[in-house]
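Note sheet for the following structure.
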Amino acid sequence: MTVSNGRPFLAIPGPTNVPDAVLQAMQRPAIDIYSGEMIGVTDSCLEDLAAVFRTKGRIYIYAANGHGGWEAAFTNVLSRGDQVLALESGRFAIGWGDMANMMGVEVEVLPGTWRRAVDPAQLEERLKRDKSHAIKAILTVQIDTASGVVNDIPAIRKAIDAAGHPALLMVDGVASLGCMPFEMDAWGIDVAMSGSQKGMMTPPGLAFVAAGPRARKAHETAGLRTLYWDWTFRDGTVHYQKYCGTPPEHLLFGLRKALDILKAEGLDNAVRRPRRLGQQGVAAVAQWAEGQVIGFNIERPEQRANSVTCVLTQGVDPKPLLTYCREKCGVTLGVGLGALDGKGFRIAHMGHVNAPMVLGTLGSVEMGLKALGIPHGAGGVQAAVEYLGREVGA
């Protein structure tokens, strides 16, 4: 017996649910890439992405996933032999550094933990020891979806400034853009990147990079530049140069509609929604935790991400629960990644998602906990309902 028929729920932290209106916007014939409407789509997307990043810097759109965005970011500002510092708080800043290392960049990891955010004091101390300013860039994520942590980007910027260090601050906003406040210029971010498949509610395949003035200056002497990623080429006057060839037209049609949806909701409202939906998940997990098996990966509440909650199943294999939710209920949860492989699961609450979707996901998890005999505190879903009822009100 299952109750999985009906529309499936995708509760993984990327790719996320794509609005029907975005999918419909993509279902149209191809158009001329050299003039007319396509140029208008590009110009409007670049303008609106700048507003989402909160920057007056240049925006670049690539036919790539987030890993392509990583490569686009550092090839435009770094040279072979440069040294960068990757701030560990999960999987993805380290992954960004690994990519740089394969291209001849020397990568140092500032050790951290998968259970807490980057420590700005530790960063400041390391930078003060770099008397020769050998470190050219600092790589961090705002939200790491593998650990479920949110890093304090303004505090990281403050630590860099307190050390009097000139390194570029490079921020991965893949899991945070459109999901929580992002203030590129106000926070002193030099290079920011993101992707289309999470808070931006568009299918995977587009990467976005925003470049501030210091990054543009570093670009002038960057030795890793290649034609496809190159900002100078993409700043050319011919439209196809903005994509180094044929534009990914249908993804851009989808992005245009997704940006319209964000604008209609209001960006401030859009970034508050994942926080509220995430907090109802927090309420449920806190209740389940009374059984001494279920728990939070991120120890400090203020360091838990808006867009994803990483849940530990302490001493219990999470795979039967994941299978139960998928096969019995039609709900796909995120698996544990990296250090959390086989130790927990992830619930996403980003992008095109609402209260019933998250409540349905939480309800399926609670069903699974009960059906599989996994110790847990009762009333997790009720706690989520009560939280959201108080928060949203009449």
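Of note:
- Only residues that are open to solvent by less than 10 Å² (accessible area, probe 1.4 Å) and of a type in the set (Ser, Thr, Tyr) were counted across the range 70-103, and they come to 2.
- Of residues in the range 32-51 being of a type in the set (A, V, I, L, M, F, W, C), open to solvent by less than 40 Å² (accessible area, probe 1.4 Å) and at pLDDT 95 or above, the one farthest from residue 200 (Cα to Cα): 38
- Count of residues meeting criterion [over 23 Å from residue 11 (Cβ atoms) and touching a residue at least 12 places away in the same chain (Cβ under 8 Å)] in the range 187-224: 23
- Pick from the range 271-285, criterion in contact with a strand residue (DSSP E or B) (Cβ under 8 Å, 6 or more places away or on another chain) and of a type in the set (A, V, I, L, M), ranking: most open to solvent (accessible area, probe 1.4 Å): 282
- Within the span defined as the range 129-138, every residue fails to be modelled with pLDDT of 95 or more, under 22 Å from residue 197 (Cβ atoms) and in contact with a Ser or Thr (Cβ under 9 Å, 6 or more places away or on another chain).
- Any chance residue 184 is crowded, with 18+ Cβ neighbours inside 10 Å, in contact (Cβ under 8 Å) with a residue 40 or more places away in the chain and at positive phi: no
- In the set 71, 47, 37, only one residue is out of contact with any Pro (no Cβ under 8 Å at 6 or more places or on another chain), of a type in the set (D, E, K, R) and in contact (Cβ under 8 Å) with a residue 60 or more places away in the chain; that residue is 71.
- Test result for residue 215, closer than 30 Å to residue 78 by Cα, surrounded by 19 or more Cβ atoms within 10 Å (Cβ to Cβ) and out of contact with any Ser or Thr (no Cβ under 9 Å at 6 or more places or on another chain): yes
- Meets criteria (at negative phi, in contact (Cβ under 8 Å) with a residue 12 or more places away in the chain and of a type outside the set (A, V, I, L, M)) for residue 327: yes
- Some residue of the range 142-153 being open to solvent by 20 Å² or more (accessible area, probe 1.4 Å), closer than 29 Å to residue 339 by Cα, not in a strand (DSSP E or B) and not aliphatic (A, V, I, L, M): yes
- Complete set of residues in the range 85-119 that are within 21 Å of residue 228 (Cβ to Cβ) and in contact with a helix residue (DSSP H, G or I) (Cβ under 6 Å, 6 or more places away or on another chain): 96, 99, 100
- The lone exception for residue 54 - which of (1) over 18 Å from residue 215 (Cα atoms); (2) at pLDDT 95 or above; (3) charged (D, E, K, R); (4) open to solvent by 60 Å² or more (accessible area, probe 1.4 Å) it fails: (1)
- Scanning the range 218-259 for residues that are open to solvent by 10 Å² or more (accessible area, probe 1.4 Å) and among the basic types (Lys, Arg) returns 225, 242, 256, 257.
- Members of the range 225-258 found to be hydrophobic (A, V, I, L, M, F, W, C), in contact (Cβ under 8 Å) with a residue 24 or more places away in the chain and farther than 19 Å from residue 41 by Cα, listed by number: 229, 231
- The range 104-140, residues that are open to solvent by 60 Å² or more (accessible area, probe 1.4 Å) and touching a Lys or Arg at 6+ places or on another chain (Cβ under 8 Å): 116
The values are calculated or read from the model by the stated rules, or taken from the named source; none is laboratory data. Worth saying up front: this structure is predicted, and the values here are computed from it rather than measured. Cβ sites come from the backbone with ideal geometry, for glycine too, and all protein chains shown count toward neighbours. The protein model used for the area step is the full one, side chains on, heavy atoms only, and it has no ligands, DNA or RNA in it. Shrake-Rupley method; radii C 1.70, N 1.55, O 1.52, S 1.80 Å.
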